[in-house]
Amino acid sequence: MGDPETIEPRLSPPPHQPNVPAPGAATVAPAAAATPALPQAGPDEVALLIDDRPVVVRKGATVLQAAEKAGILVPHYCYHPGMSIAGNCRMCLVEVEKMPKLQIGCATVAAPGMVVRTNNERVRGVRAGIQEFLLINHPLDCPICDQAGECRLQSYEKDYGRGYSRFAEEKVHFPKRYDIGRSVLFDAERCIKCTRCIRFCDEVSKTHELGLFERGGHAIIGTFPGKSLDNDYSGNTVDICPVGALTWKPFRFQARVWFLRNVPSVCTGCARGCNVELAVYDHRIHWITPRRYASVNDYWMCDLGRQTYEKLYDRPRLERPAVRAAGAAAPAVLPSPEAVDRAAALLRETVTRHGAASVAAIVSARLTLEDLFMARQALRQAGITRVVVPPHEAGEDDALLLRRDKTPNARGCELVGFGRPDAAATAKLAGDIAAGHVHGLVVVGEDPVGDGVLKADRLATLEALVVIDAWQTETAKAAHVALPATGPYEADGVVVNFQGHAQRLRRGVPAPALAEPSWRWLRELGRRFGLAGSWTTASAVFDQAAAELKPLASLSWRSLGGDGHRLVSTEAGPVLGTPAGTQALEP
Ligand code: SF4
Ligand code: SF4
Ligand code: FES
């Protein structure tokens, strides 16, 4: 790079920018065309014309929202449909007939008969000017910025910018890589002061950590004295930052965004079941971000949910079926069919010796509906009727999304007939095991030893302990037969959130080695006891469950689609007052 003073500012556009007028170029009036007729509007609606397209919107909608409805993108930085309107970036300026000055589309209310132009020469010239202005002090960081590839400043420069700058002076410098919170880094030089992050902390998380300090070219976002951006929802500020000023520490420099495959799925961190996207690169999840669903999570998710994939990689996994023979110090790895044969034989012998009542099962509310349904079928077939579901609760429900119940499918347990997670029933079972009244135990997706529900030495008295789990838990280590299951985001399935909303979890990454969805192990176990059925996919199991379980009647895997289905109407309703089914505007 040369000395800035020696750089010649380029004063005319390069020839490949035909749509952008050169500074000072005369505006050419477009040829007059017949004005299309306005459609009929209802009593609570207004009809207007945007770029000659007639559109009808509800009263109170803004020009930007009306344009979106008409399929016209008005570029914007500071506007976000989930927060108040700040009107500070000026990128959404549009021309409204009979108004001498350009108006900001995000704050101009659509009026009956309004005629709006979003893409004439005057608007394009001003947009190019805003872009040039925003880039005056913006560093040329794109090659090392995590936002590159999904940065709005970058995209808009390509679509609306001049492609060159007349600014040859020294840029104003600000702190870079500034630790603004537990998981968020701030690069003040990249910030365009749109105040989305401030408004999020004021209006959504209501934690008020951020403010705008100083004035003019020295204005800078910062935390108030003694505060740090450590609220439970801080990751959303990174999602809504239109540039790379706020970055998520665990994702920094992990992958360029154009290499990521975004898989729509559902968070498994609590009973809310927020709609999310899994950012997958090289068969590994690198980040989880929210996906809009008005009546479940709106535009947001919590920081806890963003970490739900980490346990896939930082805890030892159960990768192969392991069978521990009596008296052997270490378990032996067996082929899957032989391991299931052994599990079935142990359970059968225990039932024969002590009766079916001496065998119980612990199943998890973290399992999918397919796992739970197949557990019901297999356990019934084996004659095991005592099934408990342990609760996993922490903290309290908050006013936004987080639920005290940290399992994604407690309602699913109820639906298949296991009842809700029950601490008393779990404690009673633990007591019966300790007292020697239980001789066989099947554990699916739970770790009663690691969770402190059961003492490891009590398990030594069991004659059959069969564990199906994704991790090498304390309980799995004590098992006679341990079968490796898929973890969260490694298998397709359905979960039912606390509102009774059934949603599809989608597989984002492959499971390690011989791990299989729990329902497959349970199907195989059930077959050893005579269970008939040839389900080979989660969809086939769900459809079978829908045929047998009344609350799922009339549903099918296909009908759940991407939106899921509200099974019960309790606690239905919007998050933050956004009406369910609101048109999803580009955030
Ligand atoms: S940090 Fe990002 S979201 Fe916050 S004001 Fe700056 S550009 Fe906007
Ligand atoms: S609120 Fe619950 S479901 Fe939503 S992101 Fe957080 S942990 Fe996941
Ligand atoms: S001023 Fe309208 S989006 Fe920023």
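The values are calculated or read from the model by the stated rules, or taken from the named source; none is laboratory data. This structure is a prediction, so every number in the text was calculated from the model and none was measured. Heads up, the Cβs are rebuilt from the backbone with ideal geometry, glycines too, and the neighbour counts pull from every protein chain shown. Accessible surface areas use protein heavy atoms only, side chains included; no ligands, DNA or RNA. Shrake-Rupley method; radii C 1.70, N 1.55, O 1.52, S 1.80 Å.
Taking only region 286-318 into account, find how many residues are under 27 Å from P391 (Cβ atoms) and either hydrophobic (A, V, I, L, M, F, W, C) or away from ligand 2 (no atom under 14 Å from the Cβ) (or both).
The total comes to 13.
Looking only at region 94-103, filter to residues that are farther than 25 Å from G42 by Cβ and in a loop (DSSP other than H, G, I, E, B); which one of those is least open to solvent (accessible area, probe 1.4 Å)?
Only one residue tops the list, namely L102.
Being small (G, A, S) and in contact (Cβ under 8 Å) with a residue 40 or more places away in the chain is the filter; apply it to region 270-298 and report the residue that is farthest from ligand 1 (Cβ to nearest atom).
Among those that are small (G, A, S) and in contact (Cβ under 8 Å) with a residue 40 or more places away in the chain, it is A271.
Determine which member of the set R284, R320, R315, R306 is basic (K, R) and crowded, with 21+ Cβ neighbours inside 10 Å.
When all the criteria are applied, what remains is R306.
Report every pair of residues separated by at least 6 positions or lying on different chains whose Cβ atoms are under 9 Å apart, first residue within region 152-179 and of a type in the set (A, V, I, L, M, F, W, C), second assigned to a loop (DSSP other than H, G, I, E, B) and modelled with pLDDT under 90.
So the pair list comes out as F167/P9; A168/I7; A168/E8; A168/P9.
Return yes when T237 is more than 16 Å from ligand 3 (Cβ to nearest atom), β-branched (V, I, T) and more than 18 Å from L402 (Cβ to Cβ) and no when it is not.
For T237, the condition - more than 16 Å from ligand 3 (Cβ to nearest atom), β-branched (V, I, T) and more than 18 Å from L402 (Cβ to Cβ) - is not met.
Which condition does C106 not pass, out of (1) away from ligand 3 (no atom under 13 Å from the Cβ); (2) free of Cβ contacts under 8 Å to residues at least 60 places away in the same chain; (3) open to solvent by less than 40 Å² (accessible area, probe 1.4 Å), if it passes all the others?
Only one criterion is unmet by C106, namely (1).
So if I check each of P81, P112, which one is open to solvent by 50 Å² or more (accessible area, probe 1.4 Å) and assigned to a loop (DSSP other than H, G, I, E, B)?
Result of the check over P81, P112: P112.
Out of all the residues in region 350-369, is one or more closer than 12 Å to V466 by Cβ, in a helix (DSSP H, G or I) and at pLDDT 95 or above?
The answer is yes, given that some residue of region 350-369 is closer than 12 Å to V466 by Cβ, in a helix (DSSP H, G or I) and at pLDDT 95 or above.
Filter region 184-234 for residues that are of a type in the set (F, W, Y) and buried (at least 22 other Cβ atoms within 10 Å of the Cβ); which is nearest to ligand 3 (Cβ to nearest atom)?
Only one residue tops the list, namely F200.
If R122 meets every condition in (1) closer than 20 Å to E157 by Cβ; (2) within 12 Å of ligand 3 (Cβ to nearest atom); (3) not in a strand (DSSP E or B) apart from one, which number is that one?
Here R122 meets the rest and fails (2).
Between residues in region 497-509 that are over 13 Å from L567 (Cα atoms) and away from ligand 1 (no atom under 16 Å from the Cβ) and residues that are among the aliphatic types (A, V, I, L, M) and assigned to a loop (DSSP other than H, G, I, E, B), which pairs lie under 6 Å by C-beta distance while being six or more apart or on different chains?
Pairs that qualify, where the first residue is over 13 Å from L567 (Cα atoms) and away from ligand 1 (no atom under 16 Å from the Cβ) and the partner is among the aliphatic types (A, V, I, L, M) and assigned to a loop (DSSP other than H, G, I, E, B), are R507/A491.
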